[in-house]
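Written below as structure tokens is the structure these notes are about.
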Amino acid sequence: MAIEMIPEWLANLEEEDVAFIKRFLLASGSLKEIAAQYGVSYPTVRLRLDRLIQKIKMSESTESDPYIAMVKHLAVDDRLDFDTAKLLINEYKKTRKEGQ
């Protein structure tokens, strides 16, 4: 595939995420095998896959507001807890409505 044809959701991923996807595919989607390769538990691999799925879904969503997109990215990357992210987004939306 030519570099120009790489989907945006794939281009937005970090190198370690792409490496995880490659290993996942080569292991025929076996989370148990991936857990063994990384030397971690099955739930740890499942959590990583769930976060990767969230990243991909988020990159496909058409969030036009950069602040909201940034807060969502922080939550998916576990740099901000989900409840705090929701609170920040809701308060931000309220202030935007009041300012209009």
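The values are calculated or read from the model by the stated rules, or taken from the named source; none is laboratory data. All values reported here derive from a predicted model rather than from experimental measurement. Every residue, glycine as well, gets a Cβ built from its backbone with ideal geometry; the counts of neighbours run over all protein chains shown. With ligands, DNA and RNA removed, areas are computed over all heavy atoms of the protein, side chains included. Shrake-Rupley method; radii C 1.70, N 1.55, O 1.52, S 1.80 Å.
On the basis of being surrounded by 15 or more Cβ atoms within 10 Å (Cβ to Cβ), without any contact (Cβ under 8 Å) to a residue 40 or more places away in the chain and either in contact with a Gly (Cβ under 6 Å, 6 or more places away or on another chain) or assigned to a helix (DSSP H, G or I) (or both), does LEU49 make the cut? In short, yes.
For the range 1-35, the tally of residues that are more than 28 Å from LEU74 (Cβ to Cβ), open to solvent by less than 80 Å² (accessible area, probe 1.4 Å), among the aliphatic types (A, V, I, L, M) and modelled with pLDDT of 95 or more stands at 1. Say we look at the range 48-67 and pick out the residues that are among the aliphatic types (A, V, I, L, M) and at pLDDT below 85; which of these is farthest from TYR38 (Cα to Cα)? It comes out as MET58. The set of residues from the range 62-95 being in a loop (DSSP other than H, G, I, E, B) and open to solvent by 100 Å² or more (accessible area, probe 1.4 Å) comprises THR62, SER64, ARG79. A search for C-beta distances below 6 Å between a residue of the range 65-89 that is under 18 Å from ASP50 (Cα atoms) and any residue that is open to solvent by 80 Å² or more (accessible area, probe 1.4 Å), counting only pairs 6+ apart in sequence or on different chains, returns ALA75/PHE82; VAL76/GLN54.
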